[in-house]
Structures are given as C-alpha cells and as structure tokens.
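The values are calculated or read from the model by the stated rules, or taken from the named source; none is laboratory data. None of the values given here were measured: they were computed from a predicted structure. Please note: Cβ atoms are built from the backbone with ideal geometry, for glycine as well, and neighbour counts cover all protein chains shown.
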Amino acid sequence: MSTPSVSCVIRKYGTDGGIVLTASHNSGGIDNDFGVKFNIANGGPAPEAVTNSVYAKTRQLTNIRLCPTLTNIDLLTLGKHTYEIEGRSIPFEIEIIDSVDDYVQLMKAIFDFDKIRKLLVGENGKFPIMINALSGVMGPYVLRIFHEELNAIDAVTVKNCKPLEDFGGHHPDPNLTYAHEFVEDM
C-alpha cells in the first residue's frame, strides 16, 4: 500500500496507527532499500522525533525475520481471519481489506468524478494526461480510478502500473532525476 492509502485505511478503520514499508523515503536496511514510516491515528506522519528515531533504527537493520508458521494467509478473501501460531497462546488475527476500493471511495468523496470525467473525455474532446506509476504500489489505484471509475482509457495514458518488487529496475523515488523517462515522454 502507498502512504496515502495507508493514511486512508488508518482513518477508515479507526486504528491507532499504521506502519508503511518503503523503498523510496526514509530508506534503511542493509542496501538502503528498507524504510519504515509510522503514521498516527489521524493518518498523518508521526512527530518528527518519532520518525527520526524509527529511521535511525532502520539504519541498524542487519536481517529480517519471518514467521514460518504463518504462511497460508489467503489474501484474496476479504474479512477477518484467525491463525494459530506455534509457541503463541493467543490466536493471531488478520483482517484482509481492499485498500484500492477504500482509497477509491475516499477519492470519490473528495473529488467530483463526474466533472473530472467530463474534463478528460467530455464534449470538447479529450484532455490527455499521462500517469507513470513507476512500477510501484499505486499502479492498481491508477488503473481503477482513471480507467474503470472515470472510464478515461482513451484520454489517460498509463505506464508501469504493475507493481514490481524491484520497480522494474528503476529507482522508486519519483523525481526529475530518477523519472527522466517520464519527463521525456511528456
């Protein structure tokens, strides 16, 4: 999930906060590709002192541990799922949500999709735009909003909307230095 979608679900589900794993900002870990951010109950970033402390800890990471007994999680079935973990007396509960749907609903509450659709594909001809998701996590959100919800397939050119763990070999930070191909396409 992207930082904006994490913010959305923190607020929607009333959690105390959320952890964002990121390769582009606050990067830590062995290869500087494992950043951790914490967003608080209002969906926004934690206070700077907390963020700096978390960042300092990520710079010290030397390994990652996995829970070998928690491998059969069904990520396609929405709802709460309970799992037994060896050596743990209380069950472990996971709630599978559709973060794309949650985010789309938030966007529809904030923006007038009918007016945006009319701008993109209206009577005055199409208003072309290009979106490059840089093979990051926002790709499915882009496709859902611009192609499905707004039905602007002819007006909105999308690129690199399939999330890839290595970002398609490109740097994940969307700035003019690393996203020069996008600028050239424009």
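Restricting attention to the stretch 104-133 and to residues that are touching a residue at least 24 places away in the same chain (Cβ under 8 Å) and in contact with a Phe, Trp or Tyr (Cβ under 6 Å, 6 or more places away or on another chain), the residue that is surrounded by the fewest Cβ atoms within 10 Å (Cβ to Cβ) turns out to be LEU120. State whether one or more residues within the stretch 58-72 are assigned by TED's automatic domain parsing to the domain that holds LYS37 and assigned to a helix (DSSP H, G or I). The answer is yes; a qualifying residue exists.
Look at (1) modelled with pLDDT under 85; (2) crowded, with 16+ Cβ neighbours inside 10 Å; (3) within 16 Å of SER2 (Cα to Cα) and you find that HIS170 fails only one, number (3). Any idea how many residues of the stretch 48-70 are loosely packed, with under 10 Cβ neighbours inside 10 Å, under 22 Å from the mean Cα position of the chain (by Cα) and under 27 Å from ILE85 (Cα atoms)? Final tally of qualifying residues: 2. Summed over the stretch 137-170, residues that are assigned to a loop (DSSP other than H, G, I, E, B) and free of Cβ contacts under 8 Å to residues at least 60 places away in the same chain total 14. Entry remark, the stretch 90-123: residues being aromatic (Phe, Trp, Tyr), over 13 Å from ALA152 (Cα atoms) and in contact with a Leu (Cβ under 8 Å, 6 or more places away or on another chain) number 1 in total. When each of PHE92, PHE146 is tested for being among the aromatic types (Phe, Trp, Tyr) and outside the structural domain of VAL9 (by TED's automatic domain parsing), the lone residue that passes is PHE146.
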